[in-house]
Amino acid sequence: MAPRKILLDCDPGLDDALALLLAHGDAGIDLIAVTTVGGNVGLAGTTRNALALREYLGFEAVPVAAGAADPLERAAENAAHVHGEAGLGDVHLPVAVLPTSAVHAVDLIIETLRNAPGEIHLVATGPLTNIALALRKEPRLATWAASFTIMGGSFTRGNATPAAEFNIYADPEAAAIVFAAGWEVVMIGLDLTLQAIATPAIIERMRGLGALGEELVIPLATFWTNPHDDDWQGQAVHDVCAVAYVTRPDLFTSRPARVEVETRGQFTSGATVVDFSSTAPNAVVPVALDVDGFWDHVYAAWEVVALQRALRTGDRG
Ligand code: BDR
Ligand code: CA
């Protein structure tokens, strides 16, 4: 099967960086463009990180375009307390040499899908501002995407607040536009991603990646610990799940659902209200993950990048 073409809209971000690593390493994926949005840190930071990762990982031919700095109607939130002030925890990559594309992310998204209708799998792992702006400007985008997968939302709990997951909480108005666009949204929410934990055993396995593991993967996957969780096992690699879904939906047990976004709740703003018994579903919601299969898949793809990098740099790890 030909590799699936992915455009990844992201806000790197610890787990966004790991998602980029999967998108680059998975032979089943042809990463054709990366767009950035303000989220975990401000747009300047997420864009700087995407550019630096492109050169560190070696996908220089892939365009990186900067998008929206602020949510549609609200002041920007960030998650620097989780991802560090610069967004990649303690990882400080060399500043990139190559610039962003001259085009705005919203236009890159529209043009890329317009030029290949039915071919591009759109994946969003940050707040949905760019995607909503693209849909507002060109509603046919929803018919051009081969699929649309997000990391965001949940059906039981939040992380930014008790009710809301960060990506939806940061721009609920954008999320509401995206869920109402007439396409099928694959909503990889917290209930799913909290099954993808980088446990100490997984981290030990990542030592097999040599320099890539020591310099990038392990620091990214261990930077944050939750002081409020007595049962802490490790960080969830949320965004990696969204990229994995595109080529390996078989690793997920999924259910159709109707998802609405709460934009006005006093305590529930940004919550996703998920109705699994709706007769008018607008989403597919993965609920269970084949955890061992997931990590085997991810490790194999990351190992490809580790080997490529070792060849390029002469570092055998
Ligand atoms: C999501 O929020 C961000 O902090 C992470 O990068 C991920 O996309 C998890 O709630
Ligand atoms: Ca993210």
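Throughout, read-outs are computed from the coordinates displayed, never taken from laboratory work. The model shown is predicted, which means the values in this text are computed figures rather than measured ones. Glycine gets a Cβ as well: all are built from the backbone with ideal geometry, and neighbour counts include every protein chain shown.
The value obtained for the range 1-107, namely the Cα convex hull volume divided by the number of residues, is 101 Å³ per residue.
The alpha carbon centroids of the range 282-304 and the range 49-98 are separated by 23 Å. Between LEU31 and ILE6, the built amide H atoms are under 5 Å apart, and every one of these is 5 or more places off in sequence or on another chain. Of the chymotrypsin sites (Phe, Trp or Tyr not before Pro) found in the range 166-239, those in coil by DSSP whose Cβ has at most 13 other Cβ atoms within 10 Å are TRP232. Karplus-derived 3J(HN,Hα) values for the range 181-190, using 6.51 cos²θ - 1.76 cosθ + 1.60 with θ = phi - 60°, are 7, x, 9, 8, 8, 8, 9, 8, x, 4 Hz; glycine and proline are entered as x.
Note that the range 65-73 has calculated 3J(HN,Hα) couplings of 10, 8, x, 7, 7, 10, x, 4, 10 Hz, one per residue in order, obtained from phi through the Karplus relation 6.51 cos²θ - 1.76 cosθ + 1.60 (θ = phi - 60°); glycine and proline are x. Determine the calculated [θ] at 222 nm for the chain from helices alone, applying -39500 (n - 2.57) to every DSSP H run no shorter than 4 residues and normalising by the residue count; nearest 500 deg cm²/dmol. It lands at -10500 deg cm²/dmol. Grouping the Cα pair distances of the chain into 10 Å bins from zero gives a pair-distance distribution of 6, 30, 39, 21, 4, 0 percent in increasing distance order. Placing R0 at 22 angstrom, the Cβ-Cβ distance between LYS137 and ARG264 gives a FRET efficiency of 0.30 after rounding to 0.05. Close amide H pairs (under 5 Å, H built 1.01 Å from N) link VAL185 with ALA283, VAL284, residues at least 5 positions away or on another chain. Contact order normalised by length for the chain, with contacts defined as Cα pairs under 8 Å and 6 or more residues apart; what percent is it? Relative contact order for the chain comes out at 20 percent. Whole-percent P(r), the range 209-248, all Cα pairs, 5 Å bins from 0: 5, 20, 18, 21, 21, 12, 3.
Near the amide H of GLY265, within less than 5 Å, lie the amide hydrogens of GLY270, all on another chain or at least 5 residues away, with H placed in the peptide plane. Summarised as an ellipsoid, the range 102-203 has semi-axes of 27, 16, 12 Å, derived from the eigenvalues of the Cα gyration tensor scaled by 5 and square-rooted, with the largest first. Of all the options GLU165, GLU85, GLU73, the one that moves most in a Gaussian network model of the chain with Cα springs shorter than 10 angstrom is GLU73.
Using only alpha carbons, the range 6-58 has a radius of gyration to Kirkwood radius ratio (Rg to Rh) of 0.94. The alpha carbons of the range 188-317 give a radius of gyration and a Dmax of 17.8, 57 Å, in that order. The length gained by stretching the chain between VAL95 and ALA180 to full extension, at 0.36 nm per residue less their Cα-Cα distance, is 26.7 nm.
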